[in-house]
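One structure is given here, and the rest of the page talks about it.
None of the figures in this text is laboratory data; all of them are computed from the coordinates on show. Keep in mind the model is a prediction, meaning the values are calculated, not measured. All Cβ positions, glycine included, derive from the backbone under ideal geometry; neighbour counts span all protein chains shown.
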């Protein structure tokens with residue numbers, strides 16, 4: 001299944017609001033979008049812009065991620081198919 005990097009501009013939200021959004025979106029994804037897998041997210045602070053999440057999902061296509069995000073009330077500022085992963089470990 002293809003994997004995607006999803007960019008989400010979150011702004012200045014407190015950690016408890018972020019945690020509640022994660023839990024609500026998890027319930028929606030598991031209940032209504034079981035074909036979407038959430039691997040992990042990196043939440044970074046961007047000077048002057050607040051928080052930005054960089055999330056890795058597996059999904060049939062970007063439109064399913066957009067549908068899930070709309071239903072969960074999550075912003076989508078970019079979706080990019082992941083070509084490959086590079087790590088420092090040798091295989």
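Quick one: would you say residue 4 is in contact with a helix residue (DSSP H, G or I) (Cβ under 7 Å, 6 or more places away or on another chain), crowded, with 17+ Cβ neighbours inside 10 Å, within 27 Å of residue 85 (Cα to Cα) and without any contact (Cβ under 8 Å) to a residue 60 or more places away in the chain? The answer is no for residue 4.
Here is a yes/no grid of residues against (1) in contact with a strand residue (DSSP E or B) (Cβ under 6 Å, 6 or more places away or on another chain); (2) within 27 Å of residue 15 (Cβ to Cβ); (3) assigned to a loop (DSSP other than H, G, I, E, B):
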| position | (1), (2), (3) |
| --- | --- |
| 43 | yes, yes, no |
| 56 | yes, yes, no |
| 71 | no, yes, no |
| 84 | no, no, yes |
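Residue 90 meets the conditions (1) without any contact (Cβ under 8 Å) to a residue 12 or more places away in the chain; (2) within 15 Å of residue 1 (Cα to Cα) in every case but one. The failed one is (2).
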